[in-house]
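Undergrad: Just dropping this structure here.
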Amino acid sequence: MTTVLTPASPLTAADRCDRCGAQAYLRVVLLSGGELLFCAHHGRKFEPELKKIAAEIQDETGRLTETQASAGDDER
Ligand SMILES: [Zn+2]
């Protein structure tokens, strides 16, 4: 069901959240053709809304948890 032509390029430190200006970890490609960037915080906050309007959501928030080994989340 993925018919997106643009290859998923990784987000960089230059990509900023549209809401707060923090580093973006989510790229949302809209059904209308636009594109939004969100930090992990706002990505989570708007996720239910985004899923209604997104053609594709590139989620790189996993890179955050790689560097921030949180205690109490040990389900491996
Ligand atoms: Zn933000």
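Undergrad: Once phi is turned into θ = phi - 60°, what whole-Hz ³J(HN,Hα) does the Karplus curve with 6.51, -1.76 and 1.60 give for every residue of region 40-47, x standing for Gly and Pro?
TA: 4, 4, 6, x, 5, 5, 9, 3
Undergrad: Continuing with the same structure: Might you work out the accessible area of Phe46 for me, using a 1.4 Å probe with all protein chains in place, and round it to the nearest 10 Å²?
TA: Taking all protein chains as shown, Phe46 has close to 50 Å².
Undergrad: Evaluate the distance, in nm, between pseudo-label points positioned 7 Å from the Cα of Glu56 and of Arg19 along their respective Cα→Cβ axes.
TA: Output for this residue pair reads 2.3 nm.
The values are calculated or read from the model by the stated rules, or taken from the named source; none is laboratory data. As the structure is a prediction and not an experimental result, all values here were calculated from the model. Because the Cβ atoms are built from the backbone with ideal geometry, glycine has one as well, and the counts that use them run over all protein chains shown. When the accessible area is computed, the model is the full protein with side chains, heavy atoms only, and any ligands, DNA or RNA have been set aside. Shrake-Rupley method; radii C 1.70, N 1.55, O 1.52, S 1.80 Å.
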